[in-house]
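Report on the structure given below.
The values are calculated or read from the model by the stated rules, or taken from the named source; none is laboratory data. All figures in this text were calculated on a predicted structure; none of them were measured in a lab. Don't worry about glycine lacking a Cβ; one is built from the backbone with ideal geometry, like all the others, and counts go over all protein chains shown.
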Amino acid sequence: MDRGVRYEPNEKDRVIACEWSRCGVLRKRIAARLGISENTLDIHYSREMNIARGELHVECANNMYNLAHSDDEKIAKGANEYILSKICRLDTAVLEDVDHSALLGLKQALDSLVIKKEQEHEY
């Protein structure tokens, strides 16, 4: 968009910005697709884009949490290792040496955290 031409935000661009952000598309590409600068994108859509990204992270966390409680021991172990690696920033190779019964403690901690959060939202 030419410098000096005032951009008017609209619903179509808002949806594109949010959905592309949710999918992990870089702000630079989203701005180029909409024909605006990154600064203009941030001014008009940053809040919605951040919410969309946050919703994606919550969805991914919920999916990992559900996998960690799988009846399939291999799936549960893999999900717990992934969660632990993200929380503690541990290399997967380090996790191979971990006593996997200790991961049960992580499951229990996650369970109590979820219960606590649910109780906070009930009030």
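Overview of values
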quantity: Flag for D13 being of a type in the set (D, E) and exposed (fewer than 11 other Cβ atoms within 10 Å of the Cβ); calculated: no
quantity: Among (1) without any contact (Cβ under 8 Å) to a residue 24 or more places away in the chain; (2) over 30 Å from I83 (Cβ atoms) - the single one E59 does not satisfy; calculated: (2)
quantity: Matching residues, the stretch 60-94, being among the acidic types (D, E) and modelled with pLDDT under 80; calculated: E81, D91
quantity: Test: residue in the stretch 47-54 that is of a type in the set (S, T, N, Q), over 15 Å from the mean Cα position of the chain (by Cα) and more than 26 Å from A79 (Cβ to Cβ); calculated: no
quantity: Selection count, the stretch 42-68, where residues are surrounded by fewer than 11 Cβ atoms within 10 Å (Cβ to Cβ) and among the basic types (K, R); calculated: 1
